[in-house]
Amino acid sequence: MVKSKDAKNIHVSVKNVSLMYNLSRQREERLKEYFINLLEGRLFFDPFWAVNDVSFELAKGDSLGIVGKNGAGKSSLLKMVSGIIKPTEGKISTRGVIPPMVELGGGFDESLSAKENIIFMGALHGFDKKYMKERVDDIIDFAELHDFADVPVKKFSSGMRGKLNFSIATLITPDILVADEALATGDMAFRHKCEKRLQDIIDRGAIILFVSHSPDQVIKICKKTLWLDCGRTMMYDDSAKVCEAYVKFMKEKEKNSKSAD
């Protein structure tokens with residue numbers, strides 16, 4: 001595990017963390033079949049380690065990128081750091097405020113409008129209604145959703161949801177910001193605007209954990225990068241070094257796959 005020079009400054013500590021899911025071997029077509037098999041002891045599961053023995057520490061102002069193919073364990077790791085799920089093994093400790101995880105689509109109430117969801121998400125984060133109402137216009141403005149402020153979120157595209165979620169989560173400077181594919185949608189101008197806001201948040205001393213399938217974005221935003229594959233740490237180092245190795249690995253894998261075909 002790579003440690004910070006100043007242990008007192010550590011705000012995120014992930015020590016030998018693993019996460020296991022139980023995957024059912026059979027598929028029950030109906031709920032009734034599931035409960036009958038459960039009661040009769042005919043349900044069998046295989047362990048699946050989504051994250052396996054991952055460790056790192058982050059101090060104030062650190063920015064960590066996380067890369068890896070789909071299913072590598074990136075989102076599972078972020079959810080554990082955010083406190084959404086608990087690790088099966090190991091320990092995670094954080095110091096400071098973590099807003100609701102920024103992810104493509106967000107965790108909105110589908111029936112509420114964009115404005116109403118801003119108040120709702122603010123309440124989840126501990127802000128009172130008055131505070132959030134005073135900031136609704138700024139959030140809508142940054143998300144570029146002026147014409148959709150009163151439209152139910154269930155009618156939003158994934159890109160619109162992502163914009164709104166990012167704008168809410170970065171309204172203030174959080175202590176720790178966890179972002180999962182937050183910049184995967186939107187035009188180039190909006191992505192640049194988001195990258196600038198993330199850099200401003202880092203400059204103010206916040207910690208950012210950032211998952212992206214774009215190595216260029218990761219290099220731009222993050223000092224260090226963690227590369228995961230099948231839940232395990234493949235490399236943890238300077239972002240440029242890790243992303244170069246990751247891209248080379250993926251290209252080689254694609255080349256071998258085409259050769260096999």
Exercise for the section: Please enumerate the residues belonging to segment 171-201 that are in contact with a strand residue (DSSP E or B) (Cβ under 7 Å, 6 or more places away or on another chain) and on the phi < 0 side of the Ramachandran plot. Expected result: 175, 176, 177, 178, 179, 180, 182, 198, 201
Fill in the blank from the handout: If we ask which residues in segment 57-69 are at pLDDT below 95 and under 13 Å from the mean Cα position of the chain (by Cα), their number turns out to be 0
Practice task
Check residue 207 against each of (1) at pLDDT 85 or above; (2) surrounded by fewer than 23 Cβ atoms within 10 Å (Cβ to Cβ) and name the one condition it does not meet.
Solution key: (2)
Exercise for the section: Those residues that are aromatic (Phe, Trp, Tyr) and not in a helix (DSSP H, G or I), I need them from segment 122-134; list them, please. Expected result: 127
Exercise for the section: Identify, by number, the condition in (1) over 20 Å from residue 58 (Cα atoms); (2) at pLDDT 90 or above that residue 185 doesn't meet. Expected result: (2)
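For (1) at pLDDT 90 or above; (2) over 21 Å from the mean Cα position of the chain (by Cα); (3) surrounded by 15 or more Cβ atoms within 10 Å (Cβ to Cβ); (4) under 15 Å from residue 79 (Cα atoms), each residue gets a yes or a no:
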| residue | (1), (2), (3), (4) |
| --- | --- |
| 89 | yes, no, no, yes |
| 101 | no, no, yes, yes |
| 117 | yes, no, yes, no |
| 120 | no, no, yes, no |
| 123 | no, no, no, no |
| 126 | no, no, no, no |
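The rows are residues; the columns are (1) of a type outside the set (Asp, Glu); (2) over 20 Å from residue 193 (Cα atoms); (3) without any contact (Cβ under 8 Å) to a residue 12 or more places away in the chain.
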site	(1), (2), (3)
117	yes, yes, no
121	yes, yes, no
124	yes, yes, no
128	no, yes, yes
131	yes, yes, yes
137	no, no, yes
152	yes, yes, no
Practice task
Would you check which residues across segment 74-87 are of a type in the set (Lys, Arg) and either buried (at least 16 other Cβ atoms within 10 Å of the Cβ) or within 18 Å of residue 170 (Cβ to Cβ) (or both) and list them?
Solution key: 74, 79
Problem - Selection within segment 128-156 - of a type in the set (Asp, Glu) and either under 18 Å from residue 182 (Cα atoms) or crowded, with 17+ Cβ neighbours inside 10 Å (or both) - result: 141, 144
Practice task
Could you please let me know if residue 52 is surrounded by 14 or more Cβ atoms within 10 Å (Cβ to Cβ) and either modelled with pLDDT under 85 or part of a loop (DSSP other than H, G, I, E, B) (or both)?
Solution key: no
Practice task
Would you point out the residue of segment 135-155, among those that are of a type in the set (A, V, I, L, M) and in a loop (DSSP other than H, G, I, E, B), that is nearest to residue 200 (Cα to Cα)?
Solution key: 145
Completion exercise
Among 75, 111, the single one that is small (Gly, Ala, Ser) and either in a strand (DSSP E or B) or under 18 Å from the mean Cα position of the chain (by Cα) (or both) is 75
Problem - Among (1) surrounded by fewer than 16 Cβ atoms within 10 Å (Cβ to Cβ); (2) in contact with a Cys (Cβ under 7 Å, 6 or more places away or on another chain), the one test that residue 218 misses - result: (1)
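The values are calculated or read from the model by the stated rules, or taken from the named source; none is laboratory data. What you see is a predicted model; the values in this text were computed from it and never measured. Please note: Cβ atoms are built from the backbone with ideal geometry, for glycine as well, and neighbour counts cover all protein chains shown.
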